[in-house]
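Encoded as structure tokens, the structure appears first; notes follow it.
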Amino acid sequence: MIESIQLRVLQGDPIVHDIHHASLPPLFRGKPELHSDQCPDGCNECQKVCPTNAIQLHPLSIDMGLCVFCPLCEQQCPEKAIHFTNEYHLACSSREQLVVSDATKNISPELASEKIRKYFGKSLKLRQISAGGCNGCELELNALSNVNFDMGRFGIEFVASPRHADGIVITGPLPKAMAEATYLCYDAIPSPKINILFGACAISGGIFKDSPELNREFLNNYPVDLFIPGCPPHPLTFIAGMLDWLDKK
Amino acid sequence: MISLTVQNHQPFAIKNIPILTLQEFEGSVREGMLTHARMIGLFGLEKTQTETTVIAVLSNPSTSSLHLVGTVFTAINNRYNSFAGVHQQTHYFECELAENHHIIPEGHPWLRPVRKQTVVLDKQPYSMYRMEGEEVHEVAVGPIHAGVIEPGHFRFQCHGELVYHLEINLGYQHRGIEQLLLNTSAAQQNILCESITGDTTVGHTMAHALAVEAISRTTVSLRTQTLRSIAEELERIAMHLAGLGGIANDVGYAIGAASYGRLRTLVINSSALLCGSRFGRGFIVPGGLRFDATTEAIELLQKNLSLVQKDVSTINSVMFDASSVLARLDHTGTVSGEWAKSIGMVGPAARASGIELDTRSQFPYGAYRYSPLPLITLSTGDVFARARIRSLEIDESIRFIFEQFENLPSGSIFNELQPRAKESGVISMVEGWRGEIAHCVFTDSQGSWKRYKIKDPSFHNWYGLALALRSEAISDFPLCNKSFDLSYSGHDL
């Protein structure tokens, strides 16, 4: 008993209290800051090295749905026109919003519909589907329930059965072998339900997008409510995105 | 045995691999395994319209040597005598070869699909093993599991609570990584290796980088080697803490789960100090590193690790002393040393069963050549041993990192890669936190990749989990599963 209390004392206060103003390590790569006015004529160094073809030129833009935040473009750019900032607020509600350009200031999702906020604003249970996820995204989603991030305090939790869930969080590029299971799981969730894509693989196929072993048809058939970019996304990106989307303080 | 003998990370010309007749090939592989070599690869190297050249790779930990030998199969002569009846460790490799190249092991005791559920391996479609009888029942779990975890299908044959047989059916994660690695840019290959299994990013990128560097005869500085090993040990500490947290959670020891979880956050945030990613992504590249460690980062990292060292020893002593915890861990999911050896288990799971196997000390590479780590083994092979060994490895890894920081060599962190040797190969073995990772890499006449074969430690150990469940209560499955902590994506590729 005494020992357990000692362990509890050791724990201290590890929780991230302020989800919106946490400080991350200096090298953490979040929202890219772009300066296309610095691009020299005819230069396409960044585009050449990008492993997922996430970069477009004239004007310079990065598709965070494809980006794996590997920093090659930042390191390759002769003019320092690309810089990955510490900003971890990256979640958004449309695919187009993920394309970052010079003009992009703050990224935040549009508010969820009134119905969704009314139904799920106070309590949201999610079922996670790992469809080819490499366990990077899965570990970060698991980290949401640890003592540091403790997403449960906002009423958002992962549950075992789709019957108990209000929506799904998909990780991974959706291999053929997971196609059927993904449909079955989604169909087992009562409506209204939400669909969240977590990580570059889920959003676009990421580094696997050209693999013949994928079947991403599911995403053509069902709308996506929230995109969480990253490889893997930081847990705070997920929580901050959910809070913004559901208008929770 | 007749074979080409090489060292870990030693490049060789493909033409030096002896290509034998089938009979000689079988004899040579058998002879190798009788002299305590382990199979780490059996795969098709080249395929023409009519012929497939198959290479067997054996490793002998007692002599730190690797042995390669090959033979040629044709569409008509596509059968050989299975080794698996005597040497169970080859069972899964033979299944994989059958699935990928339709080369059939004659007399194989249990020919089953590895990654493709619907493939027909020999004459008829595979159906899962099934026990019949009064009050016998079958429990099917997955592919989607209860937790936030990768997909796989488990089927238990039970009588009451007792499991008689567990069959593990994987392949849901198959993304075709080995194929993708062949026709992509160097940058893409590195990202692909980071994603073989995202929890062993450092381990797999290390194996990839060492393979590429060996085949292009590029040397890296001591500083690079040391920082790489520090990253590798950080990954080991982090994942061992995650595993211990999972085990604490599965036995209902909440304070343990919470404490290990908090410490893991500290460790992975320390990895982010080095490279910006909590999983070591973007750190190791062929030729060196993408980031150098700054003085501030090193100071902060050491501070974090001192805290982890202090707290983890307190938590370990409390948890491994609590009778309520020990009652659940002791004698649960036992894999005897004899079984572990015969099925070729690797990593902490094998060491927990008393098998002396650790790539870092038997096939040393990078900084481990100068600063050896002790090879720790336990003997009981149960969940307790698998948990305890991870706690002991955490202590050693922390000690290792502090030792490295004491005299961190200076030097450049990146050397340009030389052109790759043509028609050559290299076997790159690395000790990931789960155990032995092997990347077997071969180039063609242009120096491009001809074959990239990956073996994650999970490839061996899933069968160990199935054996651990024999005569166990089905309710102990989550605990046994967590104690092995295996990768689905690393297996499925």
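The values are calculated or read from the model by the stated rules, or taken from the named source; none is laboratory data. Keep in mind that what you see is a predicted model, and the values were worked out from it rather than measured. Using ideal geometry, Cβ is built from the backbone for each residue, glycine included, and neighbour counts are taken over all protein chains shown.
Taking residue B:200, is it in a helix (DSSP H, G or I), within 9 Å of chain A (Cβ to nearest Cβ) and under 28 Å from residue B:413 (Cβ atoms)?
Criteria met by residue B:200.
Quick one: count up the residues across region B:129-166 that are of a type in the set (A, V, I, L, M), surrounded by 13 or more Cβ atoms within 10 Å (Cβ to Cβ) and either part of a strand (DSSP E or B) or modelled with pLDDT under 85 (or both).
6
Looking only at region B:243-257, filter to residues that are touching a Phe, Trp or Tyr at 6+ places or on another chain (Cβ under 8 Å) and in contact (Cβ under 8 Å) with a residue 24 or more places away in the chain; which one of those is nearest to residue B:393 (Cα to Cα)?
Filtering first and then ranking leaves B:244.
Out of region A:105-125, which residues are free of Cβ contacts under 8 Å to residues at least 24 places away in the same chain and either within 14 Å of chain B (Cβ to nearest Cβ) or polar (S, T, N, Q) (or both)?
A:106, A:113
Quick one: which of B:376, B:389 is closer than 30 Å to residue B:299 by Cα and in a helix (DSSP H, G or I)?
Residue meeting the stated conditions: B:389.
Could you tell me how many of the residues in region A:42-73 are buried (at least 17 other Cβ atoms within 10 Å of the Cβ) and either under 15 Å from the mean Cα position of the chain (by Cα) or free of Cβ contacts under 8 Å to residues at least 12 places away in the same chain (or both)?
7
So is residue A:79 outside the structural domain of residue A:207 (by TED's automatic domain parsing) and surrounded by 15 or more Cβ atoms within 10 Å (Cβ to Cβ) or not?
Details: outside the structural domain of residue A:207 (by TED's automatic domain parsing): yes; surrounded by 15 or more Cβ atoms within 10 Å (Cβ to Cβ): no.
Spelling it out, it is not the case that residue A:79 is outside the structural domain of residue A:207 (by TED's automatic domain parsing) and surrounded by 15 or more Cβ atoms within 10 Å (Cβ to Cβ).
Just to verify a result, which residue in region B:168-182, among those that are outside any helix (DSSP H, G or I) and more than 9 Å from chain A (Cβ to nearest Cβ), is farthest from residue B:467 (Cα to Cα)?
B:182
Among (1) within 18 Å of residue B:397 (Cβ to Cβ); (2) surrounded by fewer than 22 Cβ atoms within 10 Å (Cβ to Cβ); (3) of a type in the set (Val, Ile, Thr), which single condition is residue B:359 missing?
(2)
Pull up region B:470-491, narrow it to residues that are assigned to a helix (DSSP H, G or I) and within 12 Å of the chain's Cα centre (by Cα), then point me to the one that is farthest from residue B:169 (Cα to Cα).
Step one: of region B:470-491, the residues assigned to a helix (DSSP H, G or I) are B:474-484, B:488-491.
Narrowing further to those that are within 12 Å of the chain's Cα centre (by Cα): B:484, B:488-491.
Details: B:484: 16, B:488: 10, B:489: 13, B:490: 14, B:491: 11 Å.
Checked region B:470-491; the qualifying residue farthest from residue B:169 (Cα to Cα) is B:484.
Take residue A:224 and decide whether it is assigned by TED's automatic domain parsing to the domain that holds residue A:132 and either among the polar types (S, T, N, Q) or outside any loop (DSSP other than H, G, I, E, B) (or both).
Judged against the criteria, residue A:224 is not a match.
Can you pull out the residues in region B:437-488 that are β-branched (Val, Ile, Thr) and within 17 Å of residue B:204 (Cα to Cα)?
B:437, B:441, B:454
Across region B:284-304, what is the number of residues that are buried (at least 24 other Cβ atoms within 10 Å of the Cβ) and under 20 Å from residue A:139 (Cβ atoms)?
Going through region B:284-304 one residue at a time, the tally reaches 1.
Among the residues of region B:247-257, which ones are at the interface with another protein chain (Cβ under 9 Å from one of its Cβ atoms) and surrounded by fewer than 24 Cβ atoms within 10 Å (Cβ to Cβ)?
Matches in region B:247-257: B:255, B:257.
Among the strands (runs of 3 or more DSSP E) contained in region A:7-98, which hold 3 or more residues that are more than 14 Å from chain B (Cβ to nearest Cβ)?
So the answer is A:61-63.
Among the residues of region A:126-147, are any part of a strand (DSSP E or B), out of contact with any Phe, Trp or Tyr (no Cβ under 6 Å at 6 or more places or on another chain), without any contact (Cβ under 8 Å) to a residue 60 or more places away in the chain and within 30 Å of residue A:212 (Cα to Cα)?
Yes; the residues of region A:126-147 include at least one that is part of a strand (DSSP E or B), out of contact with any Phe, Trp or Tyr (no Cβ under 6 Å at 6 or more places or on another chain), without any contact (Cβ under 8 Å) to a residue 60 or more places away in the chain and within 30 Å of residue A:212 (Cα to Cα).
Sort out which residues of region B:436-467 are among the aliphatic types (A, V, I, L, M), out of contact with any Lys or Arg (no Cβ under 9 Å at 6 or more places or on another chain) and closer than 18 Å to residue B:341 by Cα, and write them in order of number.
The first filter runs over region B:436-467 and keeps only residues among the aliphatic types (A, V, I, L, M), leaving B:437-438, B:441, B:454, B:465-467.
Then keep just the ones that are out of contact with any Lys or Arg (no Cβ under 9 Å at 6 or more places or on another chain); that gives B:454, B:465-467.
Answer for region B:436-467, where residues must be among the aliphatic types (A, V, I, L, M), out of contact with any Lys or Arg (no Cβ under 9 Å at 6 or more places or on another chain) and closer than 18 Å to residue B:341 by Cα: B:465, B:466, B:467.
I'm trying to understand the selection: among the residues of region B:452-469, which are under 30 Å from residue B:184 (Cβ atoms) and part of a helix (DSSP H, G or I)?
Listed by number, the residues that qualify are B:458, B:459, B:460, B:461, B:462.
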